[in-house]
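Below is one structure; the comments refer to it alone.
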Amino acid sequence: MAADVPDAPPDGDAAPAPLDRIEAFVNTRNEDRDDLDTPARLVEWLHARGLVPAGSTATAAQLDRARAVREGIRALIAGNNTEPVPSPRPDGLDPAARAGLAALARDLPLVLDVTLDPPRLVPAARAPVDAALAGLLAVLAEAVALGTWSRLKACREPSCRWAYYDHSRNRRRTWCSMEICGNRAKARAAHQRRTAPRR
């Protein structure tokens, strides 16, 4: 993502809770930075959102797993865009990221806790970081059931791919920010039209 793209939803319209956790998790990486660059930073990010208790630790393998979950979710939300993602697919939106998430989801099981009111899926994992990752997958499953999942998308601008929640009535929003990414895409299209050979 370019440096002029903000670190939060540009128009202040984040996804509704708890889907906003997924949106924020995906947006921990852009072209300029990765907020999950060490195991300690992963724990710090999860703890700040109440997903792991104080004093939790993470291993390098858990950091790798968290990043793979993040990029797999990014690939899933790119599939929510109303139009196909342009080819070639940008990094993190390819089928391999989605397949990686499918494999990891089997290692991050959820169970139905009927003691809760209402009953809901909860992580079966005991390790705090793994339980947090499974908890994010539970949010995903809940959003699918509520019908809100299809509104979480990845910006179509190749230099961005920021996660955003589509609040538009017709669900056809294309960019995270019309002012930044939309204008960038329109300028590129205009340039291509001007430089295209005439027949």
Flag if Gly72 is buried (at least 21 other Cβ atoms within 10 Å of the Cβ), out of contact with any strand residue (DSSP E or B) (no Cβ under 8 Å at 6 or more places or on another chain) and of a type outside the set (A, V, I, L, M): yes
Could you check segment 22-51 and list, in sequence order, the residues that are among the small types (Gly, Ala, Ser) and either open to solvent by 40 Å² or more (accessible area, probe 1.4 Å) or in contact with a Leu (Cβ under 9 Å, 6 or more places away or on another chain) (or both)? Ala40, Ala48, Gly50
For segment 35-78, name all the residues that are out of contact with any helix residue (DSSP H, G or I) (no Cβ under 8 Å at 6 or more places or on another chain) and either farther than 20 Å from Pro128 by Cα or of a type in the set (Asp, Glu) (or both). Asp37, Glu44, Asp64, Ala78
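The values are calculated or read from the model by the stated rules, or taken from the named source; none is laboratory data. Everything quoted here is computed from the prediction, not taken from an experiment. Methodologically, a virtual Cβ is constructed for each residue, glycine included, from the backbone with ideal geometry; neighbour enumeration extends over all protein chains shown. Surface accessibility is based on the protein's heavy atoms, side chains included, excluding ligands, DNA and RNA. Shrake-Rupley method; radii C 1.70, N 1.55, O 1.52, S 1.80 Å.
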